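K.L.:
Input: one structure, supplied below.
The values are calculated or read from the model by the stated rules, or taken from the named source; none is laboratory data. These figures come from a predicted structure and were not determined experimentally. Neighbour counts are summed over all protein chains in view; Cβ atoms, including those assigned to glycine, are modelled from backbone coordinates with ideal geometry. The protein model used for the area step is the full one, side chains on, heavy atoms only, and it has no ligands, DNA or RNA in it. Shrake-Rupley method; radii C 1.70, N 1.55, O 1.52, S 1.80 Å.
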Amino acid sequence: MSNTYEYIEVSIESSIGIVKLNRPKVLNAINRPMVTEIVTVLEDFDRNDEVKVMVLAGNGRAFAAGADIDEMAEATAIELELLNQFTEWDRLAWVKKPIIGAVQGFALGGGFELALCCDILFAAHDAEFGFPEISLGVMPGAGGTQRLTKLMGKSKAMEWLLTGDRMSAKEALHYGVINRVIPKELLIEETMRFAKKIAKQPPLSLRLIKESVHKAVDYSVYEGMQYERKNFYLLFASNDQKEGMRAFKEKRKPKFEGD
Ligand code: HXC
């Protein structure tokens, strides 16, 4: 697959769509065109039958050290309002296939927010997460206050957001922010191994489970249950449900086709 993007590297390997942030000289600082590239590719992957699961990672010594400060420094409030840049970020939440983040080095500010848009997060031992925006006189703007609070609860999130301190991979694991800590040299290999395992699951179940879990975060239990139920029923319209249950009865491995 040829790479036609300026700020990211894109490839597909064994049913896994891979996006690597690629501005290593500035620790993958996220400028606006980079966000557009990321979301465009993830949406393309979402519609591409060849891709079952996506992986998001960073080239060099960081996942991403935040939104590009050079791009923001002189902005006015009115310019930002008119630019409405966060609609691009919002599109990330509509991606249906699972996204696995592989974080090495810094995941700060917008970089941490991008990591929090992933469904599963693996991190290298050297990973550091944080919201240093407060030391720049601002605050997170792409979901950081909301998503971190949902993950770790109000008191803990408040502490990290108000201090701007950096959280080690071990701490992030402890607080349930990430799924696994992995030796740096194995991060991509282990992430890919996990992605390939998930990629073998029936694709419709993957997307409807992902959607239902997100509803659990955003909705009340009652509303989320209505969503879960509808998705459960919907899967009975799929051939993969017939195949999965038939294979169980016939004591053989199912062959899922994604329809
Ligand atoms: C632009 C950045 C950058 C950023 C690093 N660089 N982070 N450029 N925006 N967010 C650049 C540096 O200017 C430097 O460029 C090069 O990357 C290497 O960084 P160093 O600082 O020399 O590396 P080091 O000493 O190892 O320090 C690493 C660091 C530090 C601790 C991560 O770079 C840092 O504090 N970065 C800013 C982190 C931050 O505040 N992030 C939040 C941004 S606000 P040169 O040209 O000098 O070599 C934000 C708001 C989100 O994210 C809002 C929603 C989108």
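K.L.:
Within the range 224-246, does at least one residue satisfy the condition of being part of a helix (DSSP H, G or I), small (Gly, Ala, Ser) and within 27 Å of the chain's Cα centre (by Cα)? Walk me through it before giving the result.
P.N.:
Filtering the range 224-246 for residues part of a helix (DSSP H, G or I) gives 224-235, 239-246.
With the extra rule that they be small (Gly, Ala, Ser), the set shrinks to 224, 244.
Applying the additional criterion that residues be within 27 Å of the chain's Cα centre (by Cα) yields 224.
Yes; the residues of the range 224-246 include at least one that is part of a helix (DSSP H, G or I), small (Gly, Ala, Ser) and within 27 Å of the chain's Cα centre (by Cα).
K.L.:
Could I ask something else about it? Scan the range 7-33 residue by residue and report those that are within 16 Å of the ligand (Cβ to nearest atom) and assigned to a loop (DSSP other than H, G, I, E, B).
P.N.:
Hits for the range 7-33 are TYR7, ASN22, ARG23, LEU27, ASN28, ALA29, ASN31.
K.L.:
Separate question: Looking only at the range 227-259, count every residue that is within 29 Å of ARG147 (Cα to Cα) and either in the same structural domain as CYS118 (by TED's automatic domain parsing) or open to solvent by less than 70 Å² (accessible area, probe 1.4 Å) (or both) and tell me the total.
P.N.:
Total meeting the criteria: 2.
K.L.:
Shifting gears a bit: Could you tell me whether PRO140 is modelled with pLDDT of 95 or more, over 20 Å from VAL103 (Cβ atoms) and either open to solvent by less than 80 Å² (accessible area, probe 1.4 Å) or in the same structural domain as ASP90 (by TED's automatic domain parsing) (or both)?
P.N.:
Working: modelled with pLDDT of 95 or more: yes; over 20 Å from VAL103 (Cβ atoms): no; either open to solvent by less than 80 Å² (accessible area, probe 1.4 Å) or in the same structural domain as ASP90 (by TED's automatic domain parsing) (or both): yes.
When the stated conditions are applied, PRO140 does not pass them.
K.L.:
Under the condition of being within 16 Å of the chain's Cα centre (by Cα) and surrounded by fewer than 19 Cβ atoms within 10 Å (Cβ to Cβ), which residue from the range 146-172 is nearest to VAL39 (Cα to Cα)?
P.N.:
First, pick out the residues of the range 146-172 that are within 16 Å of the chain's Cα centre (by Cα): 146-148, 150-151, 172.
Next cut, surrounded by fewer than 19 Cβ atoms within 10 Å (Cβ to Cβ) only: 146, 150-151.
On the way: GLN146: 20, LYS150: 23, LEU151: 23 Å.
The qualifying residue nearest to VAL39 (Cα to Cα) is GLN146.
K.L.:
Based on what the data block shows, is LYS251 out of contact with any Ser or Thr (no Cβ under 9 Å at 6 or more places or on another chain), at pLDDT 95 or above and of a type in the set (Lys, Arg)?
P.N.:
yes
K.L.:
Here is a check on your reading of the model: is GLY224 open to solvent by less than 70 Å² (accessible area, probe 1.4 Å) and out of contact with any helix residue (DSSP H, G or I) (no Cβ under 9 Å at 6 or more places or on another chain)? Steps first, please.
P.N.:
Numbers: open to solvent by less than 70 Å² (accessible area, probe 1.4 Å): yes; out of contact with any helix residue (DSSP H, G or I) (no Cβ under 9 Å at 6 or more places or on another chain): no.
No: the conditions fail for GLY224.
K.L.:
Being away from the ligand (no atom under 13 Å from the Cβ), under 23 Å from LEU161 (Cα atoms) and either open to solvent by less than 40 Å² (accessible area, probe 1.4 Å) or polar (S, T, N, Q) (or both), is that true of even one residue in the range 88-101? Please lay out each step first, then the result.
P.N.:
Just the residues of the range 88-101 that are away from the ligand (no atom under 13 Å from the Cβ), to begin with: 91, 93-101.
Add one more test, that the residue is under 23 Å from LEU161 (Cα atoms), and what stays is 93, 101.
With either open to solvent by less than 40 Å² (accessible area, probe 1.4 Å) or polar (S, T, N, Q) (or both) added as a condition, the list becomes 101.
Scanning the range 88-101 turns up at least one residue that is away from the ligand (no atom under 13 Å from the Cβ), under 23 Å from LEU161 (Cα atoms) and either open to solvent by less than 40 Å² (accessible area, probe 1.4 Å) or polar (S, T, N, Q) (or both).
K.L.:
Here's something else I'd like to know. Return the residues of the range 70-85 that are more than 9 Å from the ligand (Cβ to nearest atom) and assigned to a helix (DSSP H, G or I); say none if nothing qualifies.
P.N.:
Hits for the range 70-85 are ALA77, ILE78, GLU79, LEU80, GLU81, LEU82, LEU83.
K.L.:
Is it fair to say PHE131 is buried (at least 21 other Cβ atoms within 10 Å of the Cβ) and touching a residue at least 24 places away in the same chain (Cβ under 8 Å)? It would help to see each step written out before you state the result.
P.N.:
Numbers: buried (at least 21 other Cβ atoms within 10 Å of the Cβ): yes; touching a residue at least 24 places away in the same chain (Cβ under 8 Å): yes.
So PHE131 passes the test.
K.L.:
Assuming GLU159 fulfils every condition listed in (1) away from the ligand (no atom under 16 Å from the Cβ); (2) of a type in the set (Asp, Glu); (3) closer than 26 Å to ILE188 by Cα apart from one, which condition is it?
P.N.:
(3)
K.L.:
I've got another one for you. For residues in the range 53-69 being surrounded by fewer than 24 Cβ atoms within 10 Å (Cβ to Cβ) and part of a loop (DSSP other than H, G, I, E, B), which is nearest to the ligand (Cβ to nearest atom)?
P.N.:
My answer is ASP68.
K.L.:
Going by the structure shown, is ALA199 closer than 23 Å to ASN48 by Cβ and of a type in the set (Gly, Ala, Ser)? Before the answer, list the steps.
P.N.:
On the way: closer than 23 Å to ASN48 by Cβ: yes; of a type in the set (Gly, Ala, Ser): yes.
When the stated conditions are applied, ALA199 passes them.
K.L.:
Please count how many residues of the range 174-215 are open to solvent by 70 Å² or more (accessible area, probe 1.4 Å) and under 27 Å from PHE131 (Cα atoms).
P.N.:
Residues flagged as open to solvent by 70 Å² or more (accessible area, probe 1.4 Å) and under 27 Å from PHE131 (Cα atoms) within the range 174-215 amount to 7.
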